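Down below is the structure, laid out as structure tokens.
The values are calculated or read from the model by the stated rules, or taken from the named source; none is laboratory data. Note that the structure is a prediction, hence the values are computed from the model and not measured. Cβ atoms come from the backbone with ideal geometry, glycine included; neighbour counts cover every protein chain shown. In case anyone asks, the SASA skips ligands and DNA or RNA and just uses the protein heavy atoms, side chains included. Shrake-Rupley method; radii C 1.70, N 1.55, O 1.52, S 1.80 Å.
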Amino acid sequence: MKTDLLNTIGMSRENIEGLLESALRFKHGDDVSKPLAGKSVALVFFNPSLRTRASMQVGIYELGGNAVVLEPGGTSWTLEYREGAMMDADKTEHVAEFVRVLERYCVALGVRTFAPLKTWQEERTDPVLNAFARYASVPIINLESAMHHPCQSLADMLTIREKLGAGRKRVVLTWAWHPKPLPMAVPNSFALAAAQMGHDLLIAHPPGYELDEELMDTSRKLADDSGGSLEITNDIEAAFSGAEVIYAKSWGGKEFYGNSEQETITRARYRRKWIVDEEKMARTNDAIFMHCLPVRRNVIVTDGVIDSAASVVIDEAENRLHVQKAVMAQLLGE
Ligand code: CP
């Protein structure tokens, strides 16, 4: 029976902590095993990437394996994912064949497929990623889908633990203004993992930028089970008080999916207020500043904050490499 990493929903806290321990062993050179020796892993990118692509390629190499990088519509054929589709338009190959061919060469497939931000009810089901998982008999690793970015959230949890030690922390996930709507995979996965790790999570966003209701209910329950908490506020000024972690991210409002022009107009009012700056950071309990990157300087966060000692964004990016090695060693090792 294959195991996928599509999100962290089904993972126990012990499982996550085990992955973080494994990641630290890789990071500190205490684990130099090569569980991918003689094996290849396909990395399928429908969208651009710096960190995910580079860290996966390097991680596969360091585990003794070979990465096969494919970009549907670029370096490989355009792909259809819908079952029963009449393929008489612009799509050349179906995921059914794409996956079944690749798994004759590769022991796993990593997939990056962003939300197009067109149809909320459809995209919240992660249709493209789930098509890969449905057709594949080898593990699928989510490299950021419409709804989840588990490799990022695991690296985030590792970074919090490294910087602040193990145990419950006061964590704030804050929405930030950005000139255009962005997917919500990163905040979803961060909220979920922070809840699973038993942190006290406060999510700050303007009205209309609620994350997925079902996922928030799940996260709240997981937080309760882990001894943590999950609260939501529309007050960014109050949110920073006493925080030990500030995690900034912008995302699009569900009601604006398919209407990005209207959203751009609506969100303009939040530009000056919803930014992480020195004044807000001064109200925290010496919080670290986190962002998944790429980040727009002086839009999401000021130069003064991202260049300060509080900023851990580069260590956070480095930790992608170590947690992904831990994930691949667990999923693909003998
Ligand atoms: N954080 C992250 O996934 O970065 P990339 O989009 O560059 O891969």
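Among the residues of the stretch 102-138, which ones are among the acidic types (Asp, Glu) and surrounded by 16 or more Cβ atoms within 10 Å (Cβ to Cβ)? GLU103, GLU123, ASP126, listed by residue number.
Before we move on, is SER153 touching a residue at least 60 places away in the same chain (Cβ under 8 Å), outside any helix (DSSP H, G or I), open to solvent by less than 20 Å² (accessible area, probe 1.4 Å) and within 15 Å of the ligand (Cβ to nearest atom)? So SER153 fails the test.
Counting only residues that are closer than 23 Å to LEU36 by Cα and in a helix (DSSP H, G or I), the stretch 130-150 holds 4 of them. Of the helices (runs of 4 or more DSSP H) that lie entirely inside the stretch 232-313, those containing 3 or more residues that are open to solvent by 60 Å² or more (accessible area, probe 1.4 Å) and at negative phi span 260-267.
A search for C-beta distances below 6 Å between a residue of the stretch 309-328 that is within 15 Å of the ligand (Cβ to nearest atom) and any residue that is of a type in the set (D, E, K, R), counting only pairs 6+ apart in sequence or on different chains, returns VAL312/LYS163; ALA317/ARG51; ARG320/ARG51; HIS322/LYS27.
When GLU261 is tested against (1) modelled with pLDDT under 95; (2) in contact with a Gly (Cβ under 9 Å, 6 or more places away or on another chain), just one condition goes unmet, and that condition is (2). Being more than 26 Å from the chain's Cα centre (by Cα) and either at pLDDT 95 or above or within 16 Å of the ligand (Cβ to nearest atom) (or both): is that true of ARG51 here? When the stated conditions are applied, ARG51 does not pass them. Among the criteria (1) open to solvent by less than 20 Å² (accessible area, probe 1.4 Å); (2) under 26 Å from VAL58 (Cα atoms); (3) within 16 Å of the ligand (Cβ to nearest atom), the one VAL99 does not fulfil is (3).
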